[in-house]
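The values are calculated or read from the model by the stated rules, or taken from the named source; none is laboratory data. In this text, all values refer to a predicted model and were calculated from it rather than measured experimentally. When we count neighbours, we look across all protein chains shown, and the Cβ atoms used for this are built from the backbone with ideal geometry, even at glycine.
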């Protein structure tokens, strides 16, 4: 139980400050550290990420770093994309899918790293303002990310943050906050689907990990408001590359 709390808090810090990494970090912890089966770990991971995403998004929203109209249009467009991508991805081996996702992650990390070098100065009072909503562009981005998430089996903030920051001209802080709002909705929907399909979770362990993740996410979101935009972007890129390396190892093992 103590390990679940400690790892949950660490995952929450990453989620709250960087807007992603929850599912990619939570599932390996649940499987390799806490000894859960992969199907149950996947379901529990969704519960942990949904809880952490909700807490982190709430903290970012209080600071005005969640673009709600973008989040809504992005989420609605991503749902059919996920369905189509899931069907398409079922025809490929798991190892190949993981390797493909690792390549996508590295490309996304490179884009965010370069974007971070051009962030507006932090003293600019409008630096965290939301960009104008262009519905066709947001819908296309949401559908594309949804397809890749369904096709590759994982995704979340590792794809959403780069899309918002690079493709839709968000600052890193608004990309992180808005990503968490999107992740909360998508994780909650996925969790409901898993439970409806008969998946189960270890309730005490999952609840402890989820609560710790919420606390960590609030702390991470608060810290993100004081971290320079460039450091925030490059920290996200470094985490993505590290996670991609872990996926490559998993792909080789498969």
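Figures for the structure shown
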item	result
Qualifying positions in segment 109-148 - under 17 Å from residue 76 (Cβ atoms) and either at pLDDT below 70 or surrounded by fewer than 17 Cβ atoms within 10 Å (Cβ to Cβ) (or both)	133, 134, 135, 136, 137, 139, 140
Residues of segment 130-141 satisfying the condition of being under 14 Å from residue 67 (Cα atoms) and within 20 Å of the chain's Cα centre (by Cα)	130, 138
Residue 236 vs. criteria outside any helix (DSSP H, G or I) and crowded, with 24+ Cβ neighbours inside 10 Å	no
Top-ranked residue in segment 218-254 [being modelled with pLDDT of 80 or more and farther than 20 Å from residue 165 by Cα; ranked as nearest to the chain's Cα centre (by Cα)]	218
Verdict on residue 168 being under 16 Å from residue 75 (Cα atoms), at pLDDT 85 or above, out of contact with any strand residue (DSSP E or B) (no Cβ under 9 Å at 6 or more places or on another chain) and surrounded by fewer than 24 Cβ atoms within 10 Å (Cβ to Cβ)	yes
The lone exception for residue 193 - which of (1) surrounded by 17 or more Cβ atoms within 10 Å (Cβ to Cβ); (2) in a helix (DSSP H, G or I) it fails	(1)
Selection within segment 34-61 - surrounded by fewer than 16 Cβ atoms within 10 Å (Cβ to Cβ), in contact with a helix residue (DSSP H, G or I) (Cβ under 9 Å, 6 or more places away or on another chain) and either free of Cβ contacts under 8 Å to residues at least 24 places away in the same chain or not in a helix (DSSP H, G or I) (or both)	37, 38
